[in-house]
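Asker: Sharing a structure with you now.
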Amino acid sequence: MTRFASKKTIRPTPRRMLRSRRWLRGATALAISVFVLGASVAAEAPPAVTPSDAIALLNRIQQAAQRQNYFGTFVHQQGSQVQSSRVTHGVDRSGEHEKLELMDGQAREFIRNNDDVRCYMPDSKLVLIEKRARYDTFPALLTSPPVDLDQYYRLSIEGTDRIAGRTAQLLVLEARDKKRYGYRLWFDKDSYLLLKAQTINEKGVSIEQVAFTNVTIGGTIDASRVRPSAANTDGWRTETNRMVPVDLALAGWSVTEPPPGFRKVMEVRRAFGGREDIGQMVYSDGLAAISIFIEPSAPHDGAEGEASKGPINVVTERYGDFWLTIVGDAPVASIRDMAHQIVFKSAK
């Protein structure tokens, strides 16, 4: 899953994959996503959670991130790399309003009003505009409504811990197979806001973590706190990443057998950077997500290959007159399996 913090762009060696990652900014950078969580084995068997209780709990954690006022700083860690971000989230009669500021590296601000997202890049005097495609931006976590969780995860409640000065309850989702990662979620016992999340790979090793270092929940959020810092953007460039819902099956594309539990949740055609013909299919098990990007190829354009960063794996392959880029917060074996199940049949 996304996807718990602001993920830095994966920069694989092949030039083709670098270009594909630029088009993924809407799905990764603008969504800041993609939080991926993990599970580990406890010394004693923790109490089990019924599937209905787990779904209700996950939905409540998701709603806490969407329906409450809060602000704070969180840290996103992948291996030796650490990045801090500051989030301010307010809710009023018109909906959600959020400001996310990256505190390290090049300055970036993401201003979200409901599903409209603008990324401000003062160093390059650029504003990127997009509709939010996913809802797993930390401290939210779900990519789609969870279904049949107990078939793919062992669910349990463990003890409490202290996170950012608050009492947090630990929910563990241990993957039943090697097609997905596991998750460890610490949520505030009073408000149910997600305070910390880890990703555990197939070997039981934590490969990503995001956690609040300080957070204030409740109270009033003044409208000025969720506005961009750049008061004047005259002379800045503006780029728009447009998405249009489509049925790519009508164009001949399908996936014969996605990894178990992964269902199609989104199908769009993107227009970004002057290109109008980038197809995208998104599959999710409710927590993790895998995207398939389909782009007409140009002669001598790019190279096939694989890349990874933390929980995110990328596979790029040539398919006839197209390039396929499969990217997701799932084990590389699942990404490869998805790539091998993509079929194109030209319309007659």
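The values are calculated or read from the model by the stated rules, or taken from the named source; none is laboratory data. These numbers come from a predicted model, not from an experiment. So basically every Cβ, Gly included, is an ideal-geometry build from the backbone, and we count neighbours across all protein chains shown.
Asker: Is it the case that Pro228 is under 22 Å from the mean Cα position of the chain (by Cα) and either in a loop (DSSP other than H, G, I, E, B) or in the same structural domain as Lys179 (by TED's automatic domain parsing) (or both)?
Answerer: Values: under 22 Å from the mean Cα position of the chain (by Cα): no; either in a loop (DSSP other than H, G, I, E, B) or in the same structural domain as Lys179 (by TED's automatic domain parsing) (or both): yes.
So Pro228 fails the test.
Asker: Taking the stated definitions as given, is Thr216 over 18 Å from the mean Cα position of the chain (by Cα), outside any loop (DSSP other than H, G, I, E, B) and of a type in the set (Ser, Thr, Tyr)?
Answerer: Working: over 18 Å from the mean Cα position of the chain (by Cα): yes; outside any loop (DSSP other than H, G, I, E, B): yes; of a type in the set (Ser, Thr, Tyr): yes.
Criteria met by Thr216.
Asker: Condition check: closer than 20 Å to Ser334 by Cβ and not hydroxyl-bearing (Ser, Thr, Tyr). Does Leu128 satisfy that? Show your work before the answer.
Answerer: Details: closer than 20 Å to Ser334 by Cβ: no; not hydroxyl-bearing (Ser, Thr, Tyr): yes.
No, not satisfied.
Asker: Here is a follow-up. Looking at Ser52 and the list (1) on the phi < 0 side of the Ramachandran plot; (2) in contact with a strand residue (DSSP E or B) (Cβ under 9 Å, 6 or more places away or on another chain); (3) at pLDDT below 85, which single condition is not satisfied?
Answerer: (2)
Asker: Give the residues of the range 146-165 that are surrounded by 14 or more Cβ atoms within 10 Å (Cβ to Cβ), of a type outside the set (Ser, Thr, Tyr) and modelled with pLDDT under 95, sorted by residue number. It would help to see each step written out before you state the result.
Answerer: Filtering the range 146-165 for residues surrounded by 14 or more Cβ atoms within 10 Å (Cβ to Cβ) gives 146-150, 152-158, 163-164.
Right, trim to of a type outside the set (Ser, Thr, Tyr) and you get 146-150, 154-155, 157-158, 163-164.
If the condition is that a residue be surrounded by 14 or more Cβ atoms within 10 Å (Cβ to Cβ), of a type outside the set (Ser, Thr, Tyr) and modelled with pLDDT under 95, then Pro146, Val147, Asp148, Leu149, Asp150, Arg154, Leu155, Ile157, Glu158 are the ones that fit.
Asker: While we're here: Please state which of the following conditions Gly159 fails to meet, knowing it meets all the rest: (1) small (Gly, Ala, Ser); (2) assigned to a loop (DSSP other than H, G, I, E, B); (3) over 26 Å from Ser80 (Cβ atoms).
Answerer: Of everything listed in (1) small (Gly, Ala, Ser); (2) assigned to a loop (DSSP other than H, G, I, E, B); (3) over 26 Å from Ser80 (Cβ atoms), Gly159 misses just condition (2).
Asker: Being part of a strand (DSSP E or B), within 17 Å of Ala211 (Cα to Cα) and at pLDDT 95 or above: is that true of Val87 here? Full working, then the answer.
Answerer: Details: part of a strand (DSSP E or B): yes; within 17 Å of Ala211 (Cα to Cα): yes; at pLDDT 95 or above: yes.
Yes, satisfied.
Asker: I'd like the residue in the range 245-260 that is assigned to a strand (DSSP E or B) and not β-branched (Val, Ile, Thr) and, out of all such residues, is surrounded by the most Cβ atoms within 10 Å (Cβ to Cβ).
Answerer: Trp253
Asker: Given (1) among the polar types (S, T, N, Q); (2) closer than 30 Å to Lys189 by Cβ; (3) surrounded by 13 or more Cβ atoms within 10 Å (Cβ to Cβ), where does Thr220 come up short, assuming only one miss?
Answerer: (3)
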